Amino acid sequence: MIARIWRGATREADAEAYVEYLRGTGLKAYRDTPGNKGAWVLWRVADGRAEFLTLSFWESKEAIMGFAGEDMERAVFYPKDDRYLVERDSTVRHFDVTEA
């Protein structure tokens, strides 16, 4: 299994609205892609901003490419991301997952 992690940030005032936006865009797209094993958003408020991590689990690199395209290291963005995000990573990180 492979974990895919992306990071971004919004203004503190936009945090809850962005969580709702993610539920209808990125999280939904993750979960609708064959080979996805689950997706979550982790977030916290610090220094007047809300920092977000999206965490998704995948059965294979091929499954990730089914979501992200050929360049699986590229972050996927949605139409209203510019409205919310004040900072964002343009790439994602992937980690092999070892079950305990």
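Would you mind listing how long the chain runs along its three principal axes, going by Cα atoms, in whole Å with the largest first?
36, 32, 20
What does the charge add up to near Glu87, with Lys and Arg as +1, Asp and Glu as -1, over the other residues with Cβ less than 9 Å from its Cβ?
Neighbourhood net charge equals +1.
What ³J(HN,Hα) values, in whole Hz, does the Karplus curve 6.51 cos²θ - 1.76 cosθ + 1.60 give for region 87-100 when θ = phi - 60°, with x put for Gly and Pro?
Result, ordered by residue: 7, 7, 7, 8, 10, 10, 10, 10, 10, 6, 10, 10, 7, 7 Hz.
Say each of Glu12 and Arg93 gets a label point 7 Å from the Cα, pointing the same way as Cα to Cβ; how far apart are those two points in nm?
Distance between the two pseudo-spin positions: 2.6 nm.
So what is the 222 nm mean residue ellipticity for the chain from helices alone, if each DSSP H run of at least 4 adds -39500 (n - 2.57) and you divide by all residues, rounding to the nearest 500 deg cm²/dmol?
That comes out to -7500 deg cm²/dmol.
Show me, for region 56-61, the HN-Hα J-couplings you get by feeding each phi into the Karplus relation (A = 6.51, B = -1.76, C = 1.60, θ = phi - 60°), rounded to Hz, glycine and proline as x.
Calculated HN-Hα couplings, in order: 10, 10, 9, 6, 6, 4 Hz.
Readers should treat all values here as calculations from the given coordinates under stated rules, not as data from a laboratory. All values derive from a computational prediction rather than experimental measurement. We place every Cβ from the backbone using ideal geometry, glycine too, and count neighbours over all the protein chains shown.
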